[in-house]
1. Which lysines, on any chain, are close to B:LYS229 with Cα under 27 Å apart, when same-chain ones fewer than 8 places away are left out?
2. What is the angle, in °, between the Cα long axis of helix B:106-116 and the longest principal axis of the Cα atoms in chain B? Nearest 10 is fine, range 0 to 90.
3. If packing is taken as the average number of other Cβ atoms within 10 Å across a peptide's residues, how do A:263-274, A:50-61 rank, most packed first?
4. Counting only complete DSSP H runs, which helices of chain A cover 30 Å or more along their long axis at the Cα atoms and score a mean Kyte-Doolittle of 1.0 or above?
5. Can you find, among A:LEU154, A:PHE325, A:MET73, the residue sitting farthest towards the positive end of the charge dipole of chain A, where Lys and Arg contribute +1 and Asp and Glu -1 at Cβ?
6. Under a point-charge model restricted to the Cβ atoms of Lys and Arg (+1) and Asp and Glu (-1), what is the dipole moment magnitude of the stretch A:269-368 relative to its Cα centre, in debye to the nearest 20?
7. Which whole number gives the average, over all residues in A:342-352, of C-beta atoms from other chains lying within 10 Å of the residue C-beta?
8. What number, rounded to the nearest 500 deg cm²/dmol, is the helix-based mean residue ellipticity at 222 nm of the protein assembly as shown, given -39500 (n - 2.57) per DSSP H run of at least four residues and division by all its residues?
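The values are calculated or read from the model by the stated rules, or taken from the named source; none is laboratory data. What you are looking at is a predicted structure, and each value in this text was computed from that prediction instead of being measured. Cβ placement follows ideal geometry from the backbone for every residue including glycine, while neighbour counts extend to all protein chains displayed. What goes into the accessible areas is simple: the full protein's heavy atoms, side chains included, and nothing from ligands, DNA or RNA. Shrake-Rupley method; radii C 1.70, N 1.55, O 1.52, S 1.80 Å.
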Amino acid sequence: MFKISLPIRYLIKRPISYLAVGAVALCVFIVVVVMTVMNGLVQEFSDLNHGYVGDCVVVSDSLVGFAHYEKFMSELQKQPFIAAVTPVIKTFGLVGSDATRSSLGLEVVGIVPQMHQLVTNFENTLYYNKGDAKDVFVPPYDANLPGCVTGVDLMYRRMADGSYNYVPFASKLPITISCFALTPRGAVVQMGRSAAINTRTFYFCDTSNSGLARVDTDSIYLPLDAVQQMTAMSGENPRVSALLLKFSAGIKLDDGVQKTQAMWNNFVESEGQSELAFLFDSVRVQSWKSYRREVIAPMEKEQVMMAIAFIMVGFITVFIIFVIFYMIINQKSRDIGVLKSIGTSAGSLFAMFLGFACLIGLAGSAIGSLGAWALLENANRLERLLFDKFGWQVWDRSIYAIGEIPSDINPAVLSLIVCSAVLACFLGATVPVLRGVRRNCADVLRVNQL
Amino acid sequence: MTKERPFLRCDNLCKSYRLGAAELHVLRSLNFSVANNEFVAILGASGSGKSTLLHIIGALDKPDSGRVIFDGEELLKFSGAKANEFRNKKVGFVFQFYHLLNELNVLENIMLPAMASSSILGWAACRGRVKKRAFELCERLGLADRLRHRPYELSGGERQRVAIGRALMNRPILLLADEPTGNLDSETGNGILDIFDELHRSGQTIVMVTHDERVAQKATRTVRLADGKIISEKSI
Ligand SMILES: Nc1ncnc2c1ncn2[C@@H]1O[C@H](COP(=O)(O)OP(=O)(O)O)[C@@H](O)[C@H]1O
Ligand SMILES: [Mg+2]
C-alpha cells in the first residue's frame, strides 16, 4: 500500500520533487515547442514548393530547352496515372518599367494558365484572379493588350504583419521585357549584324504570391507563346524548358516518377533520328522533391541540426533528473534502511522509488506538454498582441516567407518526447535506488548514532 | 529462568571490521541466549559491539562466522524473502534515534510494518484491522491525541513511543531495543522503561542494549559485553 501512498507523499512533501517536476516540464516544453515549430516550418515550406512545382518535372538543364514536347505531352496525357501536364519556359529577362525607370534581371516564366493551374497551385497564389487563372493575362482595363503577372514582392510592399498593401489599379501599367533569342545550339540568334534581343511591352494584370521568397521577388509570368517567340523557341519545332506533371490521386510519387522516366526513355529512343534529338541529353525526370532539393535541403538540414541540439538538451535533462534523484535518494538512504529493517523487500523498494520517478516524469511531461500546447495555440495571437500593443515584433512577417507560426503538435512526436522524458526519470532513478537498496542497512541506521 | 529452553541462541559469533590495514574484532566467539518471556539487558561500554550484536540478532547484519538459532531455525540460512518476513513479523526494532519517516504521520508510521508486508489488494482487506491495532497501540502508548502529527512535531519521548508502537505493530516474538533511552532525559527515559516493563509483564520477550547501569536494572537479567564476549551474567 505504501508503495503508492509513500511515493505520492514524497512527491507532495518535498520541495525538491517540485524542482524535479519543473525540470522535466521545462525540458518537455522546450523540445515540444521547438520540434513543432521546426517541423511545421519545414512541412509548410515543402508544401509551398510542392504547390509551386507539381508532382514531377521533365526539365532541361539548358536555357535552350528541348523540342517535340507536344508529342511527349500527348503520350503522357493518355496515361491513367497522369492527371495533368503543362509546358513551361524558364528564361532570363530584363524587365523595365517606365513608371519606376528601373531595370531588373528577372526570371521570366512562360506558362499556359488554364493548364498550369491544373498541375500547380498557381491559381491560388493570384490576387485579382484568385481561384481561376484562365484569364489572368487579360488586363481588366483593355482585354486586347498583352498581360503579365509579377511576383508579388516586385509590385507591392510587404507589410510588417505579412500582408501586402494591394492598391487597386485603374490605369494601365506597361512593363517592358527583353529576352535573349537563342538557337537550339545555344548561340544568340543573329539578325543582321547585331544579336537579337527581343523586347516587348506587357501590361500588369495580377501578382502571384507563392509564399516562396525567391520566387516572389524574382519571377514574372508571361503567356507561353509570347515567351517562345521572344526566345526563338517557337517555329517549326517549338521548344520548352520543362513539362510539369500532376499524378492521379493514389499514385505514389516514386512510382509515378519511375513510370514517367520509363516513358521518357522510350520517347527519346523513338525520337532518336530527330534533328533536335541532342537536346534530350540535358533533360532529367525528377520528383518535385529532388527538383526543389537545393531549397528544401538547407531547411531540412537545419531541422536535423535542431534535432541534434535538442537530443543534447535531452541528455542534459536525463543528467539533471539523475542528479536530483541521486540527491533525493541519498537524503533518503536512512528511510530505505528503516524500510528494510521492517522487512520491506528490495523489489518493493524499487517499485516504490521507480514509481516515484515515473510520477515525476508523468507530472512533468503533462505540465510541459500542456504549457507547450497553450503557448503554441496562442503563439500567433500573442505575437500579434505584442506587436499591436508594444510594436514589438518577434516574428517578422516582412521577412519570413511563411506567415503564421506553426502550431500543430504532431501526436507521434509528442508521445515520443513524453516517453523519453519518463524513461529519463526511470534511468535517472535506477542507479541511486540500486545503490540505496544495496547498502547495508545496519550501517545506514548506525549513521546517526556516531 | 535460564533453565528454560532458549528460543534465541547465538553460538560463537565473530564479527570484525577492516579499517585500512588494521582489523577491528568487535565480536570474538560470542555465546548468548535468551529464553521466552525474558527481559535481557546487554550492558557494555560505547563501542563494545552492542549494536553490532543486536543487528545480527535482528537479521540486519551478518556475522563473519557463528550461528544464530531463532525458534529452532538457523537465521543465517534464511533466504532473502524469509529474512524479510523474519524482520517484518518475528522481531521489532527500537532505535536510539527513533528512525521514523518524516513524510508519514504517527498513525502511518505505526502501521508501516503492516503496510510493508501486504500487497495492494491484501491491504484493502486488512486495513481496518491494522488501523484498529494501531489505534490500540497509540492508546496504550499515550499517543491518542497525536495520531495525525508528524514525527518532527513530537518530543523525543513521544517519538520513541511511536517507534515502540511501530516495533509492536505485527506482534513480534522478540523486541530489540538499541539504547532506547540514550537520547532522552532520565525522566522521559524512565517513562519508556516503564513501557518496556509493562510489555514484559504481559509476556513480551525483550532484548535491550544500554551503556547505563541504572537503565539495565529494569531488566530481569543483565549481561555484560566486553572484549567481544559476554563476560558476566546476573539475574534479578
Ligand atoms: N561499518 C563499520 N566499519 C568499521 N567499523 C565499524 C562499523 N560499524 C561499527 N564499527 C565499529 O565497531 C565497533 C562496535 O560498534 P557498535 O556495535 O556500534 O558499538 P556500540 O553499539 O556498543 O557502541 C565500534 O568501534 C565501531 O566504530
Ligand atoms: Mg550502539
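1. B:LYS3, B:LYS15, B:LYS50, B:LYS62, B:LYS77, B:LYS90, B:LYS218
2. Orientation of helix B:106-116: about 70 degrees from the principal axis.
3. The densest-packed peptide leads the list: A:50-61, A:263-274.
4. A:15-53, A:293-331, A:411-438
5. Of A:LEU154, A:PHE325, A:MET73, it is A:PHE325.
6. 940
7. 5
8. -15000 deg cm²/dmol
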